[in-house]
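Asker: This structure is in structure tokens; I'll ask about it shortly.
The values are calculated or read from the model by the stated rules, or taken from the named source; none is laboratory data. Bear in mind that the values here come from a model prediction, so they are computed numbers and not experimental data. Cβ placement follows ideal geometry from the backbone for every residue including glycine, while neighbour counts extend to all protein chains displayed. Surface accessibility is based on the protein's heavy atoms, side chains included, excluding ligands, DNA and RNA. Shrake-Rupley method; radii C 1.70, N 1.55, O 1.52, S 1.80 Å.
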Amino acid sequence: MTYRSRFPALLLPFALLAFIPKGRLEVVMSPAEQQLRTLLATYETSLNAGDGARIEQLYAEDGVFMPAGFPTASGRSAVRGAYDAVFANIRIAIHFTVDELTVKGDVAYARTHSSGTATVVATGASGPEANRELFIFARGGNGWKIARYMFNKTS
């Protein structure tokens, strides 16, 4: 291949860049995806506020919370008790990032990761907090709810 024949081939990627839209690309989400992202944002806000009562309402009646290193909590009242126990010991300031969100009819799941800080209530000691999470959602008469939730530390 000569220099003259390679030159147009080298220009092709730059020519294609001219056809990329200059404005912001709008991501179109289904109503279910929007509702689930709102649910996750409400969960994040409630978690950061230490609001066990609000978190309890985000779970399905038969919801299950599976925190790393702690017993599984099944049913809303057990879920509330588990969160209240967490909030009695630590305060959390984190942000969730959605890595994957899939909706299949009345069931959906979200794979997320979070980062921020955790502060021990008794001592005031604070440190980084980073996890990866899996949420499973169910849609019922009251809209989308958390059906199952588990997390573990990132490696």
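Asker: Let me check I've understood the local charge: for residue 134, count other residues with C-beta under 14 angstrom from its C-beta, Lys and Arg +1, Asp and Glu -1. What total comes out?
Answerer: Numbers: positive: 111, 132, 148, 153; negative: 99, 100, 133.
Here the charged neighbours net out to +1.
Asker: What ranking, highest mean first, results for peptides 96-105, 122-131, 71-80 when packing means the other Cβ atoms within 10 Å averaged over each residue? If you can, show how the numbers build up before the last one.
Answerer: On the way: 96-105: 13.0, 122-131: 11.2, 71-80: 16.3.
Result, highest mean Cβ count within 10 Å first: 71-80, 96-105, 122-131.
Asker: Given the peptides 43-50, 138-145, arrange them by the average over their residues of other C-beta atoms within 10 Å, most packed first.
Answerer: Numbers: 43-50: 16.6, 138-145: 13.8.
With the highest mean Cβ count within 10 Å placed first, the list reads 43-50, 138-145.
Asker: Turning to a different aspect of this structure: Could you give me the ³J(HN,Hα) list for segment 148-155, computed from phi with Karplus coefficients 6.51, -1.76, 1.60 and θ = phi - 60°, whole Hz, x at Gly and Pro?
Answerer: 8, 8, 9, 8, 8, 5, 6, 9
Asker: Could you give me the ³J(HN,Hα) list for segment 86-94, computed from phi with Karplus coefficients 6.51, -1.76, 1.60 and θ = phi - 60°, whole Hz, x at Gly and Pro?
Answerer: Values, residue by residue: 4, 5, 6, 10, 9, 10, 10, 9, 10 Hz.
Asker: Kindly report the accessible area of segment 65-155 per residue (heavy atoms of protein chains, probe 1.4 Å, no ligands, DNA or RNA), in Å². Each step should come with its number before you reach the end.
Answerer: Values: 4990 Å² over 91 residues.
Result: 55 Å² per residue.
Asker: Apply the a/c threshold of 1.5 to the C-alpha gyration tensor of segment 41-141 and tell me whether it is rounded, prolate or oblate.
Answerer: Numbers: a/c = 2.14, a/b = 1.40, b/c = 1.53.
Oblate is the answer for segment 41-141, as a/c is 1.5 or above yet b/c matches or exceeds a/b.
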